[in-house]
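Let me begin by presenting the structure, written as structure tokens, before commenting on it.
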């Protein structure tokens, strides 16, 4: 702590020039806590992603490693501008040593970009790596211009993983390989439907034919055009990445019109159990990508708890069903503790960034290492991929739903609990 | 066949938009109040119904019947204690107050009900349909459309057949002169908003059964309601229904050509009507 008295004393002793030097690099007192900034969408349309934040933060504060940290939490309000603002506050006012950010490109991207510009190390998660990496580039349309980051790092899976999981799930069923697509006109929908990196090229390679009626606007109230197009093409598999209200509208309308595909593999809309329950009985056997579940055979490096124990702890503390972001937000704090344990001076941003890049961590969401495995060269430096499997929502007798893993062809270490079933 | 289906689906969708718009049209027509919180009030009513459904285990229809008088009271109190204070020659203060109300409602709902996507449990009826000449028509959209017509007929009867309706029309035409005749405009306004909240409850019932809602979904529902009111002409309730249908049909036909045009087609229809008839299709009064 630099008090006025100390400043005067040192100025007298060493001259003002040296005192200015002291000011620019505040000494970290022995035993001072390491400051972490954490940004997530705690309110607004994306707030469901952050429901477990309080539980995870309490857990972290209670852990042995957590005692060395002070976590300053900020809400992005699901708004990219707000996310950039609070990131700036954390860096300038709170002088954090490491930024953690989670959940959807709307929050992760502005925060990671701010950190990169301010040269503050940043670890990010819960956004497919393409929108995270490419979305932050100056010119997303020109791969030649893409630059790696020096301070921003990200762990999650990518679009290619969703595609392989979905097609593997469909492969378990007897179908006519006619796929209908519900791609909205937003960041996700355009990426999924992209003719170069999205679903279309992979599907045609695997012998599926795709009926893509076109990009619709979010919060559409009528899907009869899509349903008619799917019926005409005799579609038996539906995929897409709609928002929850749109999928409910589509699914109810499809049922009303007598259109029932054999499989519906949907990203985003049916991520949370509450959204599936909103469909009533009609949600049975809908399938989705699974990034984390209580049956994942991993455990926390922070508390030693297994995936099942973490989920149980959450359900006991909040009496709510577990959701997939829990594991990843927990892993974010595992990363923070692991990285800071490997640096001598937490205030040295370059050293911390180097430590992040050197991470070899067995976390609750699987192994995290920035070794470029499964990634194109341009993203290898900043992205670590975690395993992805496929699951189906099964209706339980009490009207709630259980997510059952039915495909693990991309990550055989994660056990399946059933096989893909047709929607009836 | 697909074209007939497309148009009929559009007409049924128009019924939903007309339900969203009827309450707005009523308030707008009588006191020139643009209620920017209308969409959020629909969501609020939907949560109220959901609360009754989950607490008392009722069907959403019964719950809506219980919610309706509560919403009536909410509307009365809102107009009496908040909006009447800001109504005046300047249209900006009420606009700002309803905008603020919209923000407050959204955040209060988020605080109270979390960001979870909710839906009213409609059971079998949500996916039920009837066969009509080779077309499958959903029972729920048909009910929505029938309700919209009933609401419009009911409000018209109220407007043109009752003493209250006469007071409504008189206040709408000239509040000062109506006041000289012994009508108290602030009470008429409160009654009008309260009745609008009854329609809001009905709109909430069908919105909640049709798709998911969450605390932030209100404003997106407001724009179609506005367009329906404007297309139909100020103060005309049948016009509001026609306006809703025009937007609904434009959307489904646009989507049948290309889903990218769905929302755009609705907005274009709105602009075209305004180009041809700037005062809407059936303007009630000259003002």
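The values are calculated or read from the model by the stated rules, or taken from the named source; none is laboratory data. Quick caveat, the model's predicted, so the values are computed rather than measured. Because the Cβ atoms are built from the backbone with ideal geometry, glycine has one as well, and the counts that use them run over all protein chains shown.
Within region B:258-276, the residues that satisfy the criterion of being free of Cβ contacts under 8 Å to residues at least 40 places away in the same chain and either more than 9 Å from every other protein chain (Cβ to nearest Cβ) or surrounded by fewer than 19 Cβ atoms within 10 Å (Cβ to Cβ) (or both) are B:258, B:260, B:264, B:265, B:268, B:269, B:271, B:272, B:275, B:276. Region A:154-259 holds helices (runs of 4 or more DSSP H) entirely within its bounds, and those carrying 2 or more residues that are under 21 Å from the mean Cα position of the chain (by Cα) map to A:159-171, A:187-192, A:244-256. When you look at residue A:353, is it buried (at least 21 other Cβ atoms within 10 Å of the Cβ) and out of contact with any helix residue (DSSP H, G or I) (no Cβ under 8 Å at 6 or more places or on another chain), yes or no? The answer is yes for residue A:353. On the given criteria, is residue A:263 within 26 Å of the chain's Cα centre (by Cα), more than 9 Å from every other protein chain (Cβ to nearest Cβ) and modelled with pLDDT under 90? No; evaluated as a whole, the condition is false for this residue.
Looking across region B:106-135 at every residue that is surrounded by 17 or more Cβ atoms within 10 Å (Cβ to Cβ) and in a strand (DSSP E or B), the one that is nearest to the other protein chains (Cβ to nearest Cβ) is identified as B:129.
Taking only region A:274-290 into account, find how many residues are in contact with a helix residue (DSSP H, G or I) (Cβ under 7 Å, 6 or more places away or on another chain) and more than 10 Å from chain B (Cβ to nearest Cβ). Of the residues in that region, 4 qualify. Every test in (1) within 14 Å of chain A (Cβ to nearest Cβ); (2) free of Cβ contacts under 8 Å to residues at least 60 places away in the same chain; (3) buried (at least 20 other Cβ atoms within 10 Å of the Cβ) is passed by residue B:178 save one, and that test is (1).
Here the condition is being more than 27 Å from residue A:126 (Cβ to Cβ) and modelled with pLDDT of 95 or more; of A:180, A:207, it holds for A:180 alone.
For region B:208-223, name all the residues that are over 18 Å from residue B:122 (Cβ atoms) and more than 7 Å from every other protein chain (Cβ to nearest Cβ). B:215, B:218, B:219, B:221, B:222, B:223, listed by residue number. Of the numbered conditions (1) surrounded by 18 or more Cβ atoms within 10 Å (Cβ to Cβ); (2) more than 19 Å from the chain's Cα centre (by Cα); (3) under 30 Å from residue A:174 (Cα atoms), residue A:389 satisfies every one except a single condition; which is it? Among (1) surrounded by 18 or more Cβ atoms within 10 Å (Cβ to Cβ); (2) more than 19 Å from the chain's Cα centre (by Cα); (3) under 30 Å from residue A:174 (Cα atoms), the lone unmet condition for residue A:389 is (2).
Quick check on residue A:91: is it away from chain B (no Cβ under 14 Å), assigned to a helix (DSSP H, G or I) and touching a residue at least 40 places away in the same chain (Cβ under 8 Å)? So residue A:91 passes the test. Here residue A:134 meets each of (1) farther than 30 Å from residue A:336 by Cα; (2) without any contact (Cβ under 8 Å) to a residue 24 or more places away in the chain with one exception, condition (1). Could you list, in sequence order, the residues of region B:226-257 that are out of contact with any strand residue (DSSP E or B) (no Cβ under 9 Å at 6 or more places or on another chain) and within 12 Å of chain A (Cβ to nearest Cβ)? The answer is B:244, B:247, B:248, B:249, B:250, B:251, B:252, B:253, B:254, B:256, B:257. Here region A:224-234 is the region considered, the condition is being in contact (Cβ under 8 Å) with a residue 40 or more places away in the chain and surrounded by 24 or more Cβ atoms within 10 Å (Cβ to Cβ), and the residue that is nearest to the other protein chains (Cβ to nearest Cβ) is A:226. Annotation note: of A:310, A:271, the sole residue that is crowded, with 18+ Cβ neighbours inside 10 Å and either farther than 30 Å from residue A:219 by Cβ or away from chain B (no Cβ under 14 Å) (or both) is A:310.
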